[in-house]
Structure formats: structure tokens, C-alpha cells
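Visitor: Attaching a single structure in C-alpha cells format; questions to follow.
The values are calculated or read from the model by the stated rules, or taken from the named source; none is laboratory data. Keep in mind the model is a prediction, meaning the values are calculated, not measured. Cβ placement follows ideal geometry from the backbone for every residue including glycine, while neighbour counts extend to all protein chains displayed.
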Amino acid sequence: MENWKLIWTKLEIMNEVGVKQLPDNLPGVYRLSYEAEDGNRYVFYVGRTQGIKEWLLQHLSSEENICIKNYLSTKKCFFRYAKVTEIYIQEAAEKQMYKRYEPICNIKEPESRDDIKVNLT
């Protein structure tokens with residue numbers, strides 16, 4: 001079994017100014033969270049992509065997922081990401097994040113190999 005440890009960025013406010021500072025064509029995995037009334041932050045969406053900046057900007061500007069759109073327009077939201085170049089590791093990390101956080105805005109469980117363990121912390 002392969003084991004991978006991700007290096008996560010610090011939590012950033014999900015807005016156009018912050019996202020535009022990211023490098024273009026940055027591959028990896030990311031998660032979106034919101035700050036609840038109890039002061040805690042909860043993950044509402046996880047994803048993987050070959051262009052994190054581009055996808056985050058799409059979430060902010062032309063989001064088709066109504067669930068994500070609602071969180072972004074009504075809550076204080078954040079993002080963090082981990083650079084991952086290998087697609088099969090991105091897939092494994094996305095699936096493991098889905099299982100760990102049970103994000104309400106992901107429509108279905110991502111598919112990936114089961115012989116890869118990704119440390120998400």
C-alpha cells in the first residue's frame with residue numbers, strides 16, 4: 001500500500017482577491033469550509049483539479065452547484081489546498097476527504113483506487 005502525506009496551506013478567506021494570488025495551473029486537492037454560528041469551521045465541499053486557482057475562481061463567479069453557491073453567498077467561507085501533481089493521488093485524497101468530512105455539497109462519492117493511503121492532516 002502506498003502512503004502519502006499532504007502539505008496543506010493555511011486556511012484562506014474564499015474571495016477573489018485571495019484566490020487570484022494563487023499560481024496558474026496549480027494541480028492538487030482543495031476543500032471549502034464555512035464558519036458556523038458556533039465559531040467552528042465545517043467542510044462543505046472537497047475537490048481535485050489540475051488548476052486550483054481556475055476552479056476556485058469558477059466557484060466564485062459561475063458556480064452551477066446550488067449548494068456551493070448558497071454557502072459562498074450566505075456564509076463566511078474559506079479554502080485550503082495541497083499541491084499534488086499525480087492524478088491518482090489527487091483521486092485518492094479527494095475520496096478520503098469525502099469520507100472523512102462528508103461534505104454536503106459533493107453530489108457523489110469520488111472514485112479512486114483503494115490501495116493508497118493519504119494522510120489528510
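Visitor: Can you name the condition, by its number, that residue 34 falls short on among (1) assigned to a strand (DSSP E or B); (2) within 10 Å of the chain's Cα centre (by Cα)?
Guide: Going through (1) assigned to a strand (DSSP E or B); (2) within 10 Å of the chain's Cα centre (by Cα) one by one, residue 34 breaks only (2).
Visitor: Exactly one of these conditions fails for residue 71: (1) touching a Phe, Trp or Tyr at 6+ places or on another chain (Cβ under 9 Å); (2) under 24 Å from residue 2 (Cα atoms). Give me its number.
Guide: (2)
Visitor: Continuing with this model, one more query. Name the single residue that is farthest from the chain's Cα centre (by Cα) among those in the range 1-31 being over 10 Å from residue 82 (Cα atoms) and among the aliphatic types (A, V, I, L, M).
Guide: Looking at residues that are over 10 Å from residue 82 (Cα atoms) and among the aliphatic types (A, V, I, L, M), I get 1.
Visitor: Just one of 15, 40, 65 is free of Cβ contacts under 8 Å to residues at least 40 places away in the same chain and either of a type outside the set (Lys, Arg) or touching a helix residue (DSSP H, G or I) at 6+ places or on another chain (Cβ under 7 Å) (or both); which is it?
Guide: None of the other options fit; the residue is 40.
Visitor: Among the residues of the range 5-13, are any at pLDDT below 95, outside any loop (DSSP other than H, G, I, E, B) and surrounded by fewer than 16 Cβ atoms within 10 Å (Cβ to Cβ)?
Guide: yes
Visitor: So, residue 89, is that one part of a helix (DSSP H, G or I) and either surrounded by 14 or more Cβ atoms within 10 Å (Cβ to Cβ) or at pLDDT 95 or above (or both) or not?
Guide: Numbers: part of a helix (DSSP H, G or I): yes; either surrounded by 14 or more Cβ atoms within 10 Å (Cβ to Cβ) or at pLDDT 95 or above (or both): yes.
Answer is yes for this residue.
Visitor: What are the pairs, 6+ residues apart or on separate chains, where a residue within the range 99-121 that is closer than 18 Å to residue 33 by Cβ has its Cβ under 7 Å from a residue that is part of a loop (DSSP other than H, G, I, E, B)?
Guide: Listed pairs, sorted by first residue: 100/120; 105/65; 120/6.
Visitor: Here is a follow-up. Need pairs with beta-carbon distance below 9 Å; first residue closer than 14 Å to residue 59 by Cβ and within the range 69-82, second modelled with pLDDT under 95 and assigned to a helix (DSSP H, G or I); sequence gap 6+ or separate chains.
Guide: These pairs meet every condition: 79/18.
Conditions (1) among the β-branched types (Val, Ile, Thr); (2) more than 30 Å from residue 117 (Cα to Cα); (3) buried (at least 21 other Cβ atoms within 10 Å of the Cβ); (4) at pLDDT 95 or above, marked per residue:
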site	(1), (2), (3), (4)
58	no, no, no, yes
63	no, yes, no, no
69	no, yes, no, yes
74	yes, yes, no, yes
77	no, no, yes, yes
81	no, no, yes, yes
84	yes, no, yes, yes
93	no, no, yes, yes
101	no, no, no, yes
